[in-house]
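*Asks:* Supplied in structure tokens, the structure appears directly below.
Throughout, read-outs are computed from the coordinates displayed, never taken from laboratory work. Please read these numbers as outputs of a predicted model, since none were measured by experiment. Ideal geometry is used to build each Cβ from the backbone, glycine not excepted, and the neighbour counts take in all protein chains shown.
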Amino acid sequence: MTPLVDTHCHLADSRLDAELDEVLARAAEAGIEKIIAVGAIGSIATDRRTLEIAEHYPHIFAAIGVHPHDARNCTTERIAQLRALARSQKVVAIGESGLDFHYLHSPVEEQEQSLRKHLMLAAELDKPIVIHCRDAEARLAAIVREEGLPAAGGVIHCFTGDAKAAAAFLELGFLISFSGILTFKNAGVVREAARIVPDDRVLVETDAPYLAPEPHRGRRNEPALVRRTLEVLAEVRGADFHGLAAAIAENSARVFRIVA
Ligand SMILES: [Zn+2]
Ligand SMILES: [Zn+2]
């Protein structure tokens, strides 16, 4: 079976953590060989639990940070805690950070400050940054242009913009990751963008427990379902499933610096 990678999911979320062994068994059955687990939602406890999971399973790696919804939590103390956790070999990225002007759960100013702190931390630790961006593509690109993308690069996760936004992020050096949203009926704009991302810059993810792909939309998502999004991504790009899966495995190994 072609090895698949779920490059972004939230295993510390209680909906997945409560039955983690079963979730991971189903992922293994579906051919998912590597998982990037992202903390960031809520308090440092989520980052700690995410890292604990990554340290327990050889094929799971962690990204730690402060989600833009919780940007107010991005205090000097939290950054120091993240820096300490990042000493673990299993921390392969900083994030998810970014801007969410759709939900605006945090004020714009706090989100922007948090994003700048994450870009600086990623640069300092020489790790890639994982970016969440919703209805804020132009502002996000402007801030990355000002601060600079960390040398280790970055990923725009769960891309929801159009082809023009994708082109701008590619020009800045990002990889672009597609989630179950790609499979939604009303996501024609995202599918158009998915066609212009080169083979060596594309990733795929579940963002579980959120955003289950069709025909599972509305239900709890889990890493096994990354296979479904990859099928649709291959179809949209007119690509061979196995070839695309291999390219994505290579891309994720390169950006997260994990052995393919
Ligand atoms: Zn996100
Ligand atoms: Zn996420």
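*Asks:* What order do you get for Val236, Val38 when you list them from fewest to most C-beta neighbours inside 10 Å?
*Replies:* Listed from fewest to most nearby Cβ atoms, that is Val236, Val38.
*Asks:* Long-range amide H contacts for Ala40: which residues qualify at under 5 Å (H placed 1.01 Å from N, peptide plane, sequence gap of 5 or more or a different chain)?
*Replies:* Excluding prolines and chain starts, which carry no amide H, the hits are Asp47, Gly65.
*Asks:* Give the relative contact order (percent, whole number) for the chain; include only Cα pairs under 8 Å separated by 6+ residues.
*Replies:* 19 percent
*Asks:* What is the extension gain from Phe184 to Asp200, computed as 0.36 nm multiplied by their sequence separation minus the C-alpha to C-alpha distance, in nm to one decimal?
*Replies:* Difference between extended and current length: 3.3 nm.
*Asks:* Compute the distance in nm between two label points, each set 7 Å from the Cα along the Cα-to-Cβ direction, one at Ala163 and one at Ser88.
*Replies:* Distance between label points: 4.2 nm.
*Asks:* Name the long-range amide H neighbours of Val204: under 5 Å, sequence gap of 5 or more, or other chain; modelled H, no Pro or chain starts.
*Replies:* Under 5 Å from the amide H of Val204 lie the amide H atoms of Thr7, Phe178, each far enough along the sequence or on another chain.
*Asks:* For the pair Gln113 and Asp17, what calculated FRET efficiency results from E = 1/(1 + (r/R0)^6), where r is the Cβ-Cβ distance and R0 = 25 Å, to the nearest 0.05?
*Replies:* Working: r = 30 Å, r/R0 = 1.20.
So the FRET efficiency works out to roughly 0.25.
*Asks:* For Cα pairs less than 8 Å apart in space and 6+ apart in sequence, what is the mean separation divided by the residue count of the stretch 20-148, i.e. the relative contact order in percent?
*Replies:* 22 percent
*Asks:* Report, by chain and number, residues whose modeled amide H sits under 5 Å from the one on Gly98, excluding near sequence neighbours (fewer than 5 apart, same chain).
*Replies:* Leu115, His132
*Asks:* So what is the 222 nm mean residue ellipticity for the chain from helices alone, if each DSSP H run of at least 4 adds -39500 (n - 2.57) and you divide by all residues, rounding to the nearest 500 deg cm²/dmol?
*Replies:* -13500 deg cm²/dmol
*Asks:* How about Lys185: which lysines have a C-alpha closer than 20 Å to its C-alpha, ignoring those fewer than 8 places off in the same chain?
*Replies:* none
*Asks:* Further question on the same structure: Among the lysines, select those whose C-alpha is under 20 Å from the C-alpha of Lys34, and discard any that sit fewer than 8 residues away in the same chain.
*Replies:* Straight-distance partners of Lys34: Lys90, Lys127.
*Asks:* Multiplying the sequence separation of Tyr103 and Arg145 by 0.36 nm and subtracting their Cα-Cα distance, what value in nm do you get?
*Replies:* Taking 0.36 nm per residue and subtracting the Cα distance, the gain is 12.7 nm.
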